[in-house]
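**Q** A single structure is presented below for examination.
The values are calculated or read from the model by the stated rules, or taken from the named source; none is laboratory data. None of these values were measured; they are calculated from a predicted model. Cβ placement follows ideal geometry from the backbone for every residue including glycine, while neighbour counts extend to all protein chains displayed. Heavy atoms of the whole protein, side chains included, go into the accessibility calculation; ligands, DNA and RNA do not. Shrake-Rupley method; radii C 1.70, N 1.55, O 1.52, S 1.80 Å.
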Amino acid sequence: MKTRPPNSENITCWRKKFLETFFANVLHGVLDVTSDWRLNDHHFSPLLHSSPHVSQLTLCNMLQGAVELTAEHNQKVLENLAGSLQILKFQHLLSSDQSIRRSLVLLLHRLIHHGSVTQVSMYSWPVPDTVLLVLILSMSAGFWRSGNALAYHSSPCGLCREEDKAQGQESARERAERGRYNEREWSDGENQKGSPRALEEAGAEAKGYRVDAHLNSDLCGPRSPPLRNQACEEEGSKVPCDHTSIQGGSSCCVSDQLSCHPVPPKTRRRLKSAVGRKRRCLKRSKGPYADQEDLYDFVFTVAREDNSGLVNKNSNTEGENAENWTSSSPGPPCTGHAGCKKRGGSARIFSLKAAHRFRSVSTLELFSIPLTGETCRTLSNLLSSWVSLENLVLSYNGLGANIFCILSGLRALSRHSDCRLHVVRVSDVFSHVPCMELVRCILSAFPQLHTLSVSFDLKNQLEGSRPEGNPSCSEVEIPESCLEQLEIRFPREPLHSAFLLPVLKASKSLQQLSLDSATLPCSQELGLLLEALREYNPNLKKLSFHDVNLAEHQKEVLLLLQDPILQEITFSFCRLFESSTTEFLSEIINTVKRNSSLKSLKLPGNRLGNHRLVALADIFSEDSSSSLCQLDVSSNCIKPDGLLEFTKKLEGHIQQRGGRIQFTHLRLFQNWLDQDAETAQEALRRLKAVCSVVNDSWDSSQAFADYISVM
């Protein structure tokens with residue numbers, strides 16, 4: 001197929017990778033089936049043959065792949081994908097018409113709600129179609145309003161029908177067991193077990209069950225699977241009534257929310273008003289543009305939903321609505337700032353918490369997709385009850401002040417005892433608030449997180465103006481958290497230890513800390529940070545500094561290298577040797593030689609050069625107690641002759657130690673090895689006999705020209 005898969009070193013099964021790529025190329029028309037006589041055979045389906053091996057699929061542009069996969073002749077292909085597909089990606093999407101959306105809905109319902117997809121990722125959508133975006137988000141969260149079933153496909157979902165039937169049978173068995181138990185209990189109390197009176201009572205009870213079931217059946221119509229809206233179907237309409245719902249497994253009318261089972265006495269009074277609303281909804285459900293309006297109502301209803309209950313200003317049954325819906329409210333998910341206060345509207349909607357849901361994904365990733373205030377409110381409301389979500393990645397979405405809307409949804413989600421969210425990654429061009437304040441806000445809203453990554457490129461000039469209704473995040477108290485990994489990329493902000501210390505103090509379980517692009521306002525800040533790490537984070541195993549000027553912090557660097565707990569230390573582009581002496585390099589080597597706990601030392605971008613690289617070989621000398629396994633010297637101006645000299649010195653140390661050495665990995669990316677290819681090849685050949693070497697074919701002359709051009 002003339003393609004080179006990325007990350008080829010991570011591929012464990014090339015046969016599976018080939019068939020997965022083959023499937024994608026056939027689906028998207030990259031590989032012309034008609035051009036090969038072996039594939040152009042009506043007895044053979046390339047998609048069907050390769051579909052069981054597909055674990056990752058990308059849909060692009062106009063979603064032509066979704067239309068093809070939901071075609072009738074590919075029904076078996078879709079069944080195979082439902083069992084094998086785990087990651088579903090959308091890339092460079094364009095606006096689509098209603099027929100394509102129908103196919104997409106059917107595809108998502110089969111692969112997510114009744115399939116094994118665990119991750120949905122969306123990439124590069126500069127001008128997203130709001131309807132399409134919210135549709136994908138809502139179905140990924142497990143919601144699918146059954147009122148749209150007729151609008152999207154002509155037949156109900158067989159799997160939903162089977163599940164509904166199984167649930168009905170199970171409920172019937174439970175009711176029968178309850179009836180027999182109640183009968184025995186009554187008979188024991190009367191001491192008349194098996195008497196005519198007991199049999200008469202049991203018969204009356206059974207008769208009452210049939211009457212109740214018949215009453216409820218008349219209200220609901222035939223029991224329908226979750227994909228259909230029975231009330232609207234009676235009029236042949238495709239538009240929902242005012243009682244809009246985004247829940248899977250229930251129609252848009254209140255009567256359909258109730259199952260066709262015996263009705264408890266307390267709810268019979270409410271069924272009358274439900275019947276009236278059902279009839280009114282049938283009258284409103286006509287119109288030539290019902291299909292399109294139905295979908296748009298659905299999209300913006302999700303964004304307007306108030307989790308405090310059923311919004312119905314014109315209803316005469318406000319007391320009943322409050323009784324039915326507000327008791328389970330987790331609180332409004334999005335009241336964080338002025339931009340999040342748009343509420344209500346004429347649509348009447350059910351609480352997300354009260355809604356029945358289909359299966360949902362555990363990972364959601366949004367890359368380079370601008371999110372408007374309306375979309376953020378939608379996402380916030382979905383997040384507030386998305387208990388299956390484990391990983392959330394929001395990258396370059398232009399959130400701005402809307403980040404507080406997302407935090408409001410996360411805060412509501414954290415109140416669920418079965419919440420699984422452990423990883424949150426947020427990155428953007430501009431930071432609306434200082435990084436440390438945002439970290440404190442996120443941890444205070446969601447202390448259950450295990451991994452938190454906050455990354456910004458530039459500082460917002462309007463950063464000083466705080467959103468209305470939000471106190472400064474620096475004033476928020478952080479409860480004890482479960483945080484294990486913290487990554488912060490500062491937009492050239494000063495790293496004030498006073499702001500970071502409360503986070504470290506609350507994160508007793510912290511194992512990895514990464515600080516990127518921070519500036520140290522004074523020489524004492526790094527020392528205070530190291531003291532805090534020793535005091536509050538005794539389990540810290542990995543510490544990384546990237547693009548932080550440590551040229552004047554040699555003492556602190558040596559203290560880190562002799563830490564008995566740290567196993568991996570990274571000083572990436574930290575200008576370590578910019579103003580150092582040869583004594584500093586010797587102190588580094590001697591410190592690492594005495595540290596038996598350090599396993600990985602990464603020094604990319606520190607201008608080691610040939611002579612410092614050769615000196616580093618002494619870490620593995622005969623008198624060394626170092627356990628160093630990995631060394632990264634990428635981007636360090638290393639030339640072939642210097643690498644060859646390092647190799648020879650390393651071989652000498654290994655020979656002196658009788659071949660006993662733990663060194664296993666050497667990384668050499670972006671060094672000047674192209675200046676003498678023959679010498680470089682000899683050095684690499686000899687090195688590979690000692691350890692695993694990872695390098696690249698880097699053009700140093702072109703890189704230098706690029707560097708000069710941007711100076």
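**Q** Which residue is nearest to residue 486 (Cα to Cα), if the candidates are limited to segment 535-551 and must be at pLDDT below 95 and hydrophobic (A, V, I, L, M, F, W, C)?
**A** 548
**Q** When you go through 18, 23 one by one, which is the residue that is among the aromatic types (Phe, Trp, Tyr) and closer than 21 Å to residue 115 by Cβ?
**A** Working: 18 fails: closer than 21 Å to residue 115 by Cβ.
The conditions single out 23.
**Q** Take residue 533 and tell me if it is assigned to a loop (DSSP other than H, G, I, E, B) and open to solvent by less than 20 Å² (accessible area, probe 1.4 Å).
**A** Details: assigned to a loop (DSSP other than H, G, I, E, B): no; open to solvent by less than 20 Å² (accessible area, probe 1.4 Å): yes.
In short, no.
**Q** Now for a different question. For segment 688-702: of the residues being touching a residue at least 12 places away in the same chain (Cβ under 8 Å) and aliphatic (A, V, I, L, M), which is surrounded by the fewest Cβ atoms within 10 Å (Cβ to Cβ)?
**A** 694
**Q** Among the residues of segment 570-583, is there at least one that is farther than 26 Å from residue 519 by Cβ and open to solvent by 10 Å² or more (accessible area, probe 1.4 Å)? Let's see the steps before the verdict.
**A** Step one: filter segment 570-583 for residues farther than 26 Å from residue 519 by Cβ, giving 582-583.
Pick out the ones that are also open to solvent by 10 Å² or more (accessible area, probe 1.4 Å) and you get 582-583.
Yes, there is a match, as at least one residue in segment 570-583 is farther than 26 Å from residue 519 by Cβ and open to solvent by 10 Å² or more (accessible area, probe 1.4 Å).
**Q** Can I ask one more? Tell me, which strands (runs of 3 or more DSSP E) wholly within segment 370-469 include 3 or more residues that are more than 14 Å from the chain's Cα centre (by Cα)? Lay out the reasoning, then the answer.
**A** Values: elements: 391-395, 423-431, 451-459.
By residue number, 423-431, 451-459.
**Q** Another question, if that's okay. Answer yes if at least one residue in segment 696-706 is within 25 Å of residue 550 (Cα to Cα) and in contact with a Leu (Cβ under 8 Å, 6 or more places away or on another chain), and no otherwise.
**A** Checked segment 696-706: no residue is within 25 Å of residue 550 (Cα to Cα) and in contact with a Leu (Cβ under 8 Å, 6 or more places away or on another chain).
**Q** Could you please find all residues in segment 487-514 being without any contact (Cβ under 8 Å) to a residue 60 or more places away in the chain, of a type in the set (A, V, I, L, M, F, W, C) and surrounded by fewer than 20 Cβ atoms within 10 Å (Cβ to Cβ)?
**A** 498, 501 - these are the residues of segment 487-514 that are without any contact (Cβ under 8 Å) to a residue 60 or more places away in the chain, of a type in the set (A, V, I, L, M, F, W, C) and surrounded by fewer than 20 Cβ atoms within 10 Å (Cβ to Cβ).
**Q** Residue under question is residue 48, and the condition is that it be under 19 Å from residue 111 (Cα atoms), crowded, with 19+ Cβ neighbours inside 10 Å and in contact (Cβ under 8 Å) with a residue 24 or more places away in the chain; does it hold? Break it down stepwise before answering.
**A** Details: under 19 Å from residue 111 (Cα atoms): yes; crowded, with 19+ Cβ neighbours inside 10 Å: no; in contact (Cβ under 8 Å) with a residue 24 or more places away in the chain: yes.
It is false that residue 48 is under 19 Å from residue 111 (Cα atoms), crowded, with 19+ Cβ neighbours inside 10 Å and in contact (Cβ under 8 Å) with a residue 24 or more places away in the chain.
**Q** Which one of these does residue 87 not meet: (1) among the hydrophobic types (A, V, I, L, M, F, W, C); (2) over 30 Å from residue 696 (Cβ atoms); (3) surrounded by 12 or more Cβ atoms within 10 Å (Cβ to Cβ)?
**A** For residue 87, the failing item is (2).
**Q** Here are some conditions: (1) open to solvent by 30 Å² or more (accessible area, probe 1.4 Å); (2) of a type in the set (Gly, Ala, Ser); (3) modelled with pLDDT of 70 or more. Residue 140 meets all but one. Which one does it not meet?
**A** (1)
**Q** Working only within segment 505-530, note down all residues that are in a helix (DSSP H, G or I) and within 25 Å of the chain's Cα centre (by Cα).
**A** Looking only at segment 505-530, we keep the residues that are in a helix (DSSP H, G or I), and these are 505-506, 524-530.
Matches in segment 505-530: 506 only.
**Q** Can you name the number of the only condition in (1) part of a loop (DSSP other than H, G, I, E, B); (2) open to solvent by less than 70 Å² (accessible area, probe 1.4 Å); (3) out of contact with any helix residue (DSSP H, G or I) (no Cβ under 8 Å at 6 or more places or on another chain); (4) not polar (S, T, N, Q) that residue 538 fails?
**A** (2)
**Q** Is it the case that residue 42 is over 28 Å from residue 389 (Cβ atoms) and surrounded by fewer than 19 Cβ atoms within 10 Å (Cβ to Cβ)?
**A** Details: over 28 Å from residue 389 (Cβ atoms): yes; surrounded by fewer than 19 Cβ atoms within 10 Å (Cβ to Cβ): yes.
In short, yes.
**Q** Which count do you get for residues in segment 587-608 that are touching a residue at least 12 places away in the same chain (Cβ under 8 Å) and either assigned to a helix (DSSP H, G or I) or over 40 Å from the mean Cα position of the chain (by Cα) (or both)?
**A** The first filter runs over segment 587-608 and keeps only residues touching a residue at least 12 places away in the same chain (Cβ under 8 Å), leaving 587-589, 591-608.
From what's left, either assigned to a helix (DSSP H, G or I) or over 40 Å from the mean Cα position of the chain (by Cα) (or both): 587-589, 591-594.
Residues flagged as touching a residue at least 12 places away in the same chain (Cβ under 8 Å) and either assigned to a helix (DSSP H, G or I) or over 40 Å from the mean Cα position of the chain (by Cα) (or both) within segment 587-608 amount to 7.
**Q** Hey, among the residues in segment 592-632 that are among the charged types (D, E, K, R) and in contact with a strand residue (DSSP E or B) (Cβ under 9 Å, 6 or more places away or on another chain), which one's most open to solvent (accessible area, probe 1.4 Å)? Working first, answer last.
**A** At the first step, the residues of segment 592-632 found to be among the charged types (D, E, K, R) are 593-594, 599, 602, 607, 612, 618, 622-623, 632.
Add one more test, that the residue is in contact with a strand residue (DSSP E or B) (Cβ under 9 Å, 6 or more places away or on another chain), and what stays is 599, 602, 632.
Numbers: 599: 79, 602: 56, 632: 16 Å².
Per the stated criteria, the residue is 599.
**Q** Let me ask you something else. Given the conditions (1) closer than 23 Å to residue 661 by Cβ; (2) assigned to a loop (DSSP other than H, G, I, E, B); (3) acidic (Asp, Glu), which single one is not true for residue 552?
**A** Going through (1) closer than 23 Å to residue 661 by Cβ; (2) assigned to a loop (DSSP other than H, G, I, E, B); (3) acidic (Asp, Glu) one by one, residue 552 breaks only (1).
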